[in-house]
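Encoded as structure tokens, the structure appears first; notes follow it.
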Amino acid sequence: MNFDVTRGGLLVGLAVFGVIVYELRTVLDALGLSLPIVPYMAGVFVLAGIAVWLVVLSGGWRTEPDEAG
């Protein structure tokens, strides 16, 4: 499976994921289940590392637009 990934798209996706995880933690805190934030932050950084690694394995960043022919 081949797919193009732009740096901006990956960064936006990771930011959205990070916000969703943080808001989930906030909701759980409001329900009385207090959780530390460090494991969530570590998870987001690990996910970012895995995503970049997969992009590098699949051929790297797309730097030039595809030529429609």
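The values are calculated or read from the model by the stated rules, or taken from the named source; none is laboratory data. Remember, predicted model here, so these are calculated numbers, not experimental data. In this analysis, Cβ positions are derived from the backbone assuming ideal geometry, glycine residues included, and neighbour counts consider all displayed protein chains.
Summed over the range 40-52, the residues that are without any contact (Cβ under 8 Å) to a residue 24 or more places away in the chain and either surrounded by 11 or more Cβ atoms within 10 Å (Cβ to Cβ) or in a loop (DSSP other than H, G, I, E, B) (or both) give a count of 4. Of the residues making up the range 27-37, those that are of a type in the set (A, V, I, L, M, F, W, C) and either at pLDDT 85 or above or closer than 17 Å to Leu14 by Cβ (or both) are Val27, Leu28, Ala30, Leu31, Leu33, Ile37. So which residues in the range 1-26 are acidic (Asp, Glu) and modelled with pLDDT under 80, if there are any at all? Answer for the range 1-26, where residues must be acidic (Asp, Glu) and modelled with pLDDT under 80: just Asp4.
Scanning the range 53-67 for residues that are at pLDDT 80 or above and either within 12 Å of Phe17 (Cβ to Cβ) or surrounded by 13 or more Cβ atoms within 10 Å (Cβ to Cβ) (or both) turns up nothing.
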